[in-house]
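Right, one structure below, let's go through it.
The values are calculated or read from the model by the stated rules, or taken from the named source; none is laboratory data. All figures in this text were calculated on a predicted structure; none of them were measured in a lab. Neighbour counts run over all protein chains shown; Cβ positions are idealised from the backbone, glycine included.
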Amino acid sequence: MTGVRTTCAYCGVGCGVIATPQADGGVDIKGDPNHPANYGRLCAKGTNLGETLSTVDRLLHPMINGVQSDWDSATTLMAEKFQTSIREHGPDSVAFYVSGQLLTEDYYVANKLMKGFIGSANIDTNSRLCMASSVVGHKRAFGTDTVPGTYEDLENADLIVLVGSNLAWCHPVLHQRILAAKETRGTQIINIDPRRTATSDLVDMHLGIKSGGDVALFNGLLNAIVDAGAVDQDYVDQHVNGCDAALSAARETSLDQLLNLTGLNSDQLDAFYAAWIENKRVVTIYSQGVNQASDGSDKVNAIINCHLATGRVGRVGMGPFSVTGQPNAMGGREVGGLSNMLAAHLDIENPIHREKVADFWNAPTLPTQAGLKAVDLFDACASGQIKALWIMCTNPAVSMPRANDVAAAIKNVDFVAVSDIIAKTDTTKLADVLLPATGWGEKDGTVTNSERRISRQRGFLPAPMDAKHDWQIICDVATKMGWGHAFAFKTPSDIFAEWAAMTQLSRDAGKDLDISAFSMMNDAEYDALQPVQWPIKSDHSDTRFFANGGFYTSDGRANMLGIRPQSTPQIANTKYPFTLNTGRVRDHWHTMTRSAKSPTLSAHMGEPYCEIHPIDANALHIKPASLVCVESPHGSVILRALITDRVQQGQVFAPLHWTSLWASKARIDTLVPSLCDPYSGQPELKRAAVNIRPF
Ligand code: SF4
């Protein structure tokens, strides 16, 4: 068989892959040399995708209450349970919790079913844990959720600042592209992270900031920009509101406070600020260290403020750049996967937008207000408000903060359906109905990466046993609920064409997301779709946003915001004196349901661990490689001690991946409180107060 061009299943870099099934049943995986995200490169996770394709551990049949069933029985039961709940308790008594790993077509029909036909906005996604604060930051600054730049900007920058991002492990191909650019043009790289990571090893400057110090750091930068006369006054005068208010808020932080909040010294701050101001071509890349915080939205806007003040937005080699964790976090945002948005970047609170969407779908009803965000959604499960829950393609009993409470909350719901490719996870064991879904290599659809590039995922393997595509399962349930006319899709290309046509509404509403050029696409054209970036330009000219203004606000001008550092309540205290930082390892992914199947990937880090500073380990009599108990008010885990000065004294780090399937007590998010950013609802997964002791 010839190779099939598809897209990697893992991170938001969105690398092109050529998958070639072999005569022995294996699949050869190569990077696609023509894909603009990676030009042939792959990281370890992408390279070893072929090792993850066995059907061992797969969920292969519909199951009802632990007994093998059939599709008709399972979807009939689901339709009845959801209809009963809606009839007896109203549409807001049901909820969907979905995933940034779903393809855009799956996401679109799930969103259409919940918001357009059930009439509730209680559909949220695990992207809430990943990107929601960036969405808020973008919308507050630009008027819409737009990433201004492209990956090429990383190669054309003179300075790259990586904030709260271990790019070397979490987005390795982008990291490789930056290092290649450093080699040829001498790009400076500065890394801002409380922990010294693999990324920090290859930079010109690592600033070991205190956890939570980012707003103060970037407010200090804004002050330094003004003091150095580096404001781009023409750009600000023409395109930006709120510069004075932003500066006035930034001025409130004294130098002493700045030093205290960041934990950095004056020389470090001066060096960072000078580099940022002197290099016009600056890209500030940020990731979960910024987003996963109770002030994540403010961190995003503090960063964007500096770029707006200097006009360094959407121009070659310049701009704030949010890199997404999951392969389709962006595609999910585009089709309204979050509970507080409509598809095509339209606003749920806007009656005109609601009317347009209802007309387009010929929908009986549309919710008039935002639905429950992830943390609130599971709290509503615990309180009994949610009576019927459908979880698709994600494992919240491991990945949500207060994961033990979330598992109990799911158990409390009258009826729970879970669609997954894996039979046994911490979440599937809580389901009344299990629905076997197809996985990577078996399904067709599209994903959008961190630079707004839509790429095809293409199937090259048959669906195993009874497994169905997620979009088919959703359409089957919708049909049994009486809405078959609106869910009569035969192929993913039917869905993509409808979705593309819908983006005309975005254009009509003066928004940014318009892929309506694809609305007449047939199956053959869809199959041949090449990676394409929106805005769609037939001449492939510059796809950046905002170099010359044109923001999606009511007056077309961007907003700088007055941002002040907040004090956060859950920092270390006498009972829990350490600050836990969580994150990924290089070769595992999320809750390891895919990556642990690969012996090659599992060889990198074989078990869960906790990084502890040598002085702390010594004081607590913790020996290298011994077991430690890490406790918070919400739970406790047992981890292997890794004693290293990569973490600061008083801080510990533990990876997030391990589940009860692999280690009986290693679910890190059981330790984390559900403190959320007030604007985005994104929980602070990056910081928890814990105690550690020898086990
Ligand atoms: Fe896959 Fe991300 Fe690695 Fe690219 S960088 S191969 S998208 S995991």
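Restricting attention to region 165-196, the residues that are more than 26 Å from GLN257 (Cα to Cα), of a type in the set (S, T, N, Q) and buried (at least 22 other Cβ atoms within 10 Å of the Cβ) add up to 2.
Restricting region 179-195 to residues that are of a type outside the set (S, T, N, Q) and assigned to a strand (DSSP E or B) leaves a set whose member that is farthest from GLU155 (Cα to Cα) is ILE192.
Put simply, of GLY14, GLY31 the only residue that is crowded, with 16+ Cβ neighbours inside 10 Å, farther than 22 Å from ILE422 by Cβ, in contact with a Leu (Cβ under 8 Å, 6 or more places away or on another chain) and not aromatic (Phe, Trp, Tyr) is GLY31. Of all residues in region 621-638, those being surrounded by 20 or more Cβ atoms within 10 Å (Cβ to Cβ) and more than 26 Å from the chain's Cα centre (by Cα) number 3. Report, by residue number, each residue of region 197-226 that is under 27 Å from the mean Cα position of the chain (by Cα), surrounded by fewer than 22 Cβ atoms within 10 Å (Cβ to Cβ) and of a type in the set (Asp, Glu). Listed by number, the list holds a single entry, ASP201.
Results for (1) part of a strand (DSSP E or B); (2) of a type outside the set (Phe, Trp, Tyr), shown as yes or no for each residue.
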| position | (1), (2) |
| --- | --- |
| GLU525 | no, yes |
| GLN530 | no, yes |
| PRO535 | no, yes |
| THR543 | no, yes |
| ASP555 | no, yes |
| TYR576 | no, no |
| ASN581 | yes, yes |
| VAL585 | no, yes |
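Of the candidates ASP92, ASP70, the single residue that is of a type outside the set (S, T, N, Q), surrounded by fewer than 16 Cβ atoms within 10 Å (Cβ to Cβ) and at pLDDT 95 or above is ASP70. Apart from one condition, SER211 fits all of (1) modelled with pLDDT under 95; (2) touching an Asp or Glu at 6+ places or on another chain (Cβ under 9 Å); the exception is (2). Tell me which residues, restricted to region 659-691, are over 20 Å from GLY212 (Cβ atoms) and crowded, with 22+ Cβ neighbours inside 10 Å. Within region 659-691, THR659, ALA666, ARG667, THR670 qualify. The set of residues in region 1-40 that are away from the ligand (no atom under 14 Å from the Cβ) and among the hydrophobic types (A, V, I, L, M, F, W, C) comprises MET1, VAL4, ALA23, VAL27. Residues in region 524-577 that are out of contact with any helix residue (DSSP H, G or I) (no Cβ under 6 Å at 6 or more places or on another chain) and of a type in the set (A, V, I, L, M): ALA524, ALA528, LEU529, VAL532, ALA547, ILE571, ALA572.
When the criteria are applied in full, ASP24 fails the requirement of being farther than 30 Å from ALA370 by Cβ, outside any loop (DSSP other than H, G, I, E, B) and over 27 Å from the mean Cα position of the chain (by Cα). The residues of region 41-56 that are assigned to a loop (DSSP other than H, G, I, E, B) and within 7 Å of the ligand (Cβ to nearest atom), listed by number, are LEU42, CYS43.
All of (1) surrounded by 15 or more Cβ atoms within 10 Å (Cβ to Cβ); (2) within 16 Å of the ligand (Cβ to nearest atom) hold for LEU59 with one exception: (2). Cβ-Cβ contacts under 9 Å between residues 6 or more apart (or on different chains), taken from a first residue in region 22-42 that is under 11 Å from GLY3 (Cα atoms) and among the hydroxyl-bearing types (Ser, Thr, Tyr) to a second residue that is within 15 Å of the ligand (Cβ to nearest atom) and modelled with pLDDT of 95 or more, are absent. Note on region 316-347: residues that are crowded, with 23+ Cβ neighbours inside 10 Å and closer than 27 Å to PHE489 by Cβ amount to 21. The helices (runs of 4 or more DSSP H) falling completely within region 205-262 that include 1 or more residues that are among the β-branched types (Val, Ile, Thr) and in contact (Cβ under 8 Å) with a residue 12 or more places away in the chain map to 214-227, 233-239, 255-262. Every residue in region 641-653 that is part of a strand (DSSP E or B) and surrounded by fewer than 24 Cβ atoms within 10 Å (Cβ to Cβ), please. The answer is ALA641, LEU642, ILE643, GLN651, PHE653. Within region 328-378, the residues that satisfy the criterion of being of a type in the set (Ser, Thr, Tyr) and out of contact with any strand residue (DSSP E or B) (no Cβ under 8 Å at 6 or more places or on another chain) are THR365, THR368. Here ALA363, ALA358, ALA409, ALA382 are screened, and the one residue that is of a type outside the set (Phe, Trp, Tyr) and crowded, with 24+ Cβ neighbours inside 10 Å is ALA409. When region 469-518 is filtered for residues that are outside any helix (DSSP H, G or I) and either in contact with a Lys or Arg (Cβ under 9 Å, 6 or more places away or on another chain) or polar (S, T, N, Q) (or both), the ones remaining, listed by number, are HIS469, PHE487, THR491, ALA509, LEU513, ASP514.
I need the full set of residues from region 138-178 which are of a type in the set (S, T, N, Q), in a helix (DSSP H, G or I) and over 30 Å from LYS511 (Cα atoms), in order please. Before the answer, list the steps.
From region 138-178, those of a type in the set (S, T, N, Q) are 144, 146, 150, 156, 165-166, 176; that's our starting set.
Subset that is in a helix (DSSP H, G or I): 156, 176.
The one that is of a type in the set (S, T, N, Q), in a helix (DSSP H, G or I) and over 30 Å from LYS511 (Cα atoms): GLN176.
Please verify whether GLY116 is within 30 Å of ILE391 (Cβ to Cβ), over 16 Å from the mean Cα position of the chain (by Cα) and in a helix (DSSP H, G or I), treating the condition exactly as stated. Yes. Residues in region 431-453 that are surrounded by fewer than 24 Cβ atoms within 10 Å (Cβ to Cβ), more than 19 Å from the chain's Cα centre (by Cα) and not hydrophobic (A, V, I, L, M, F, W, C): ASP432, THR438, GLY441, GLU442, ASP444.
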